[in-house]
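I have placed the structure first, in the form of structure tokens, so that the comments after it can refer back to it.
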Amino acid sequence: MVYLKNTDEIEKIRKASVAVANGLVKLKAAVRPGLSLKELDRIAEDHALQQKGIPAFKGYRSYPASLCVSVNHVVVHGIPNDYLLQEGDIVGIDYGIVLDGYYGDSAITVPVGKVSDKANQLMSVTRDSLMKGIAQARPGNRMGDISYAIQFYAESHGFSVVRNFVGHGIGKRLHEEPQVPNFGPKGKGLKLEVGMVLAIEPMINEGTFETEILSDGWTAVTKDRKLSAHFEHTIAITKEGPIILSTPDIAA
Ligand code: MF3
Ligand code: CO
């Protein structure tokens, strides 16, 4: 069941999503060599509570933290631990907040100090693939138009698209229908409609698209242990086209 949202609901999802985006601005500013992943998680937890929200991931299917922090070859769902960020790492920060009963969800991947050209290219292609996907999120198009745009852009740059995780509808729940794959043929799949709110989240790899889950049951890594990047926005489909809801309203 795909729940279409009215403008009041979209406003509530926007408030939650702006709170997330502002948190990501703070988290990005905190990233530096020597910072522990648990410290990032603490900043995220404090920020959510300051916003009068609740961290969305903590307790979701027993997930133990407020953030997913995914370093280098970790694709998604890295659990914050005592690892200290090192110059040259790239770190995916995935964050969600529930505010007034509605969810916002967004992710960025950021460099720690100076990183390799390959890492910079992977991050920028992943971010731009998200933007290509968002541009297709308009009424009359189909889900496959979003998926194809992401896949085509990423693969044109020599990178691969993770298949095992997808984006999702979002609203009163973190994960609603429909699924939003980051790969697939254009012109196919669900018809996109005004009022759909989607979390679009490409995960793009340097090498193979294949992933495996570590023994903690959460941490997804690339099979070849090469780099992976992840960006995510919560967006709404309006009759004029897509609106990105997870945009910060504080200075970067
Ligand atoms: N952005 C991720 C997702 O939508 C974050 C979920 S982490 C979890 O799947 F712990 F909540 F599962
Ligand atoms: Co998500």
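The values are calculated or read from the model by the stated rules, or taken from the named source; none is laboratory data. Just so it is clear, the model here is predicted, and its values are computed rather than measured. We place every Cβ from the backbone using ideal geometry, glycine too, and count neighbours over all the protein chains shown. The area values use the complete protein model at the heavy-atom level, side chains included, leaving out ligands, DNA and RNA. Shrake-Rupley method; radii C 1.70, N 1.55, O 1.52, S 1.80 Å.
Results, tabulated for the structure shown:
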{"item": "Test: residue in segment 203-219 that is surrounded by fewer than 24 Cβ atoms within 10 Å (Cβ to Cβ) and closer than 25 Å to Ala29 by Cα", "result": "yes"}
{"item": "Residue identified as basic (Lys, Arg), within 27 Å of Tyr63 (Cβ to Cβ), modelled with pLDDT of 95 or more and open to solvent by 20 Å² or more (accessible area, probe 1.4 Å) among Arg173, Arg142", "result": "Arg173"}
{"item": "Within segment 96-133, tally of residues that are in a strand (DSSP E or B), hydroxyl-bearing (Ser, Thr, Tyr) and open to solvent by 40 Å² or more (accessible area, probe 1.4 Å)", "result": "1"}
{"item": "Selected residue (only one of Ile200, Ile146, Ile170, Ile237 is touching a Pro at 6+ places or on another chain (Cβ under 7 Å) and of a type outside the set (Asp, Glu))", "result": "Ile237"}
{"item": "Members of segment 61-76 found to be in contact with a strand residue (DSSP E or B) (Cβ under 6 Å, 6 or more places away or on another chain), surrounded by fewer than 24 Cβ atoms within 10 Å (Cβ to Cβ) and under 13 Å from Asp94 (Cα atoms), listed by number", "result": "Val71, Val76"}
{"item": "Members of segment 28-56 that are within 14 Å of ligand 1 (Cβ to nearest atom), in contact (Cβ under 8 Å) with a residue 40 or more places away in the chain and either open to solvent by 20 Å² or more (accessible area, probe 1.4 Å) or within 19 Å of Phe231 (Cα to Cα) (or both)", "result": "Ala44, Ile54, Pro55, Ala56"}
{"item": "Subset of segment 176-190 [touching a residue at least 40 places away in the same chain (Cβ under 8 Å) and open to solvent by 10 Å² or more (accessible area, probe 1.4 Å)]", "result": "Glu176, Glu177, Pro178, Gly184, Pro185, Lys186, Gly187, Lys188, Gly189, Leu190"}
